[in-house]
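Here the structure is laid out as structure tokens; the discussion comes afterwards.
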Amino acid sequence: MPDAAPVLELKGLRKSFGALKATDDVSLDVRPGEIHALIGPNGAGKSTLIHQVAGSLTPDGGEVRFNGADISGLTVAQRVRRGLGRTFQVSSVAPEFSALRNVMLSVQSTQGSSFRFFRPVMRDRSLVDAAMDKLALVDLAERANVVAAELSHGERRQLEMAMALALRPKLLLLDEPMAGMGPEGSKNLTGFLDELRNEVPILLVEHDMEAVFSLADRISVLVYGSVIASGSVDDIRANKDVREAYLGGED
Amino acid sequence: MSRETVINWVLGLGLLAVPFIALMQGEPFYITLATRVAILALAGVGLNLALGLGGMVSFGHAAFFGIGGYAAGILATHAFNQEPLLAWPLTVSGSSDMLVIWLVAIAICALVALVIGAITLRTSGVYFIMITLAFAQMIYYFAISWPAYGGEDGLSIYVRNGFPGLNTLDPIQFFLICYAVLMACLFISARLRDSRFGAALQVARQNPDRLAATGIAPFNIRLVAFVISAAMTGLAGALFADLNRFVSPSMLSWHVSGEIMIFVILGGVGRLFGPLAGAALFIVMEFYLGGITEHWQLFLGIILLCVVLFVRGGILGIMAGRRVHA
């Protein structure tokens, strides 16, 4: 597994806001079949890094390579079309649309152009059926016709996951998927992601250490914008710098 | 059938009935009033695509309304005077055929909207409002200072343009033309709203980041919607010029942009038949209250304020309740 060519590769990424180096020469990769977790204390620059991978921020230097190609110059939408799926730290859905129509939008995107003006989407089985499948996959089928704004926090997370999966991504970028899920929800999601890694590799940004340690194949630790350690779960647990910088020193 | 569908039918058939009742009552003036409602509603239907579905608060749709009007006026004038519009490199003559005029109005408005949209849609919020206004004002002052077609005085259309097989000088027949165009554009709007494009457009309003994260660039979707929206409003402008047999820079003024927006907001933003309800209420108030006091717009203002403050869904919202989401 570790020998396979990486799906996502960050090479020497740099991003500063004034004097603040939010991303300081970050290099890491995600390989097929693995969950690579990115952890770090608040303000370490995780969000800034995610933005640069997703395309909503332009790095000052360095490269984002995806499936062997440099995608640094592509827009958010172009990157998604290449297969970079994501979920947001704060769930981002179309609030006035039903769960079903939200997922249908993803399916629509994978089927090509959205410049089709005349055929009603709700009568298009190819959209509805594929979207229902994905909703069933995340256990949200019964809530298909509920408006997204009226879904619970956890359900919106599930919906976002369904939307991301409906894009048939080659990589998933998950930004704190466990946040606010509660113990039961976190456990379910952990199980779900554990299975998912075989279909699609994941770059996981997460605060929930239990989830990270049980899921990650590799962990990179970000502190003050730079990666201070990267390795297996055991490596990271044993790493002195990490314990001091992040895990709060000796237990 | 949902309550909103019933109300849509009532509004649509109600407007159709007005001219015939007017004819029976021997009050042909009301036919003109109904025709005005149909045309202004059409302008609103155009704006509603951009504003209601796409969340683009264009304060410059008078530009398209006026350009449509001038397309009708200029083509008709050249046809009337039998002067070619263009002598070189190829001869282009004027036209007094509505179908030709509509196509020209739509094409020019689409082209202008493509340019304006490509620039303005890089901004959002209040900047978008102001830049669309600025473009419309530029065109307004251009029309005022361009002497070839009447400048400030405007341009008269001596004979209303023709439609194959119909007598457009007959008020009822002209009304029916306008009504048919309105219904056709409402049908197109409904199909657009429910289509893939409509889904993307609505998400561009609700949550553009989500749209991008789904692999669809919001800018392109908005731009195409803006162009279609402008074309419909331009078509309304061409009809309006034919109704009045006159076009002047006042059709391009920012008051008109405001009025078109008022139709949409009064009727219910994003509601299919909202612009029709809004335009009808506007014209009725203008006619009845305007007969009582010159300052009838004070009452319009009060009603608009109440709608914005208390009933977000406009007239359609009051009558049909909250929108039912698919």
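The values are calculated or read from the model by the stated rules, or taken from the named source; none is laboratory data. Values in this document were obtained by computation on a predicted structure and should not be read as measured data. Note that each Cβ is placed from the backbone with ideal geometry, even for glycine, and that neighbours are counted across all protein chains shown. Just the protein is used for accessible areas: all its heavy atoms, side chains included, with ligands, DNA and RNA removed. Shrake-Rupley method; radii C 1.70, N 1.55, O 1.52, S 1.80 Å.
List of remarks:
- Residue that is farthest from the other protein chains (Cβ to nearest Cβ), among those in region B:201-216 that are closer than 20 Å to A:Leu74 by Cα and crowded, with 23+ Cβ neighbours inside 10 Å: B:Ala204
- Enumeration of residues in region A:158-193 that are within 14 Å of chain B (Cβ to nearest Cβ) and either assigned to a helix (DSSP H, G or I) or not aliphatic (A, V, I, L, M) (or both): A:Leu159, A:Glu160, A:Met161, A:Ala162, A:Met163, A:Ala164, A:Leu165, A:Ala166, A:Arg168, A:Pro169, A:Lys170, A:Asp175
- All positions within region B:241-280 that are in a loop (DSSP other than H, G, I, E, B), among the small types (Gly, Ala, Ser) and out of contact with any strand residue (DSSP E or B) (no Cβ under 9 Å at 6 or more places or on another chain): B:Ser253, B:Gly268, B:Gly270
- Criterion: open to solvent by less than 10 Å² (accessible area, probe 1.4 Å) and free of Cβ contacts under 8 Å to residues at least 40 places away in the same chain - qualifying residue of A:Ile39, A:Ile35, A:Ile71, A:Ile50: A:Ile71
- With respect to being farther than 17 Å from A:Leu204 by Cα, open to solvent by 20 Å² or more (accessible area, probe 1.4 Å) and under 19 Å from the mean Cα position of the chain (by Cα), A:Glu63 fits the description.
- The residue that is surrounded by the fewest Cβ atoms within 10 Å (Cβ to Cβ), among those in region B:71-98 that are free of Cβ contacts under 8 Å to residues at least 24 places away in the same chain and part of a strand (DSSP E or B), is B:Leu86.
- Annotation for region A:95-115: no member residue is assigned to a strand (DSSP E or B), more than 14 Å from every other protein chain (Cβ to nearest Cβ) and crowded, with 16+ Cβ neighbours inside 10 Å.
- Restricting attention to region B:251-293, the residues that are within 15 Å of B:Val308 (Cα to Cα), open to solvent by 10 Å² or more (accessible area, probe 1.4 Å) and aliphatic (A, V, I, L, M) add up to 4.
Rundown of residues vs (1) in contact with a strand residue (DSSP E or B) (Cβ under 6 Å, 6 or more places away or on another chain); (2) modelled with pLDDT under 95, yes/no style:
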site	(1), (2)
B:Ala34	no, no
B:Gly60	no, no
B:Gly66	no, no
B:Tyr70	yes, no
B:Asn81	no, yes
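- Selection over region B:281-321 of residues that are under 28 Å from B:Thr32 (Cβ atoms) and part of a loop (DSSP other than H, G, I, E, B) gives a count of 4.
- Of everything in region B:226-250 that is over 14 Å from the mean Cα position of the chain (by Cα) and small (Gly, Ala, Ser), the residue that is most open to solvent (accessible area, probe 1.4 Å) is B:Ser250.
- Extreme residue, surrounded by the most Cβ atoms within 10 Å (Cβ to Cβ), among residues of region A:74-94 that are within 7 Å of chain B (Cβ to nearest Cβ) and in contact with a Pro (Cβ under 9 Å, 6 or more places away or on another chain): A:Val80
- Candidates A:Ala216, A:Ala164, A:Ala229, A:Ala144 - the one that is over 20 Å from the mean Cα position of the chain (by Cα) and modelled with pLDDT of 90 or more: A:Ala144
- Cβ-Cβ under 6 Å pairs, at least 6 apart or on other chains, region B:47-70 side on the phi > 0 side of the Ramachandran plot, far side open to solvent by 10 Å² or more (accessible area, probe 1.4 Å) and assigned to a helix (DSSP H, G or I): B:Gly55/B:Arg205
- Across region A:116-148, the qualifying residues are those that are β-branched (Val, Ile, Thr) and assigned to a loop (DSSP other than H, G, I, E, B), and the one among them that is surrounded by the fewest Cβ atoms within 10 Å (Cβ to Cβ) is A:Val146.
- Counted residues, region B:169-200 - those being more than 7 Å from chain A (Cβ to nearest Cβ) and either open to solvent by less than 30 Å² (accessible area, probe 1.4 Å) or under 23 Å from B:Gly44 (Cβ atoms) (or both): 21
- Residue match in region B:84-93 (condition: at pLDDT below 95 and touching a Gly at 6+ places or on another chain (Cβ under 7 Å)): yes
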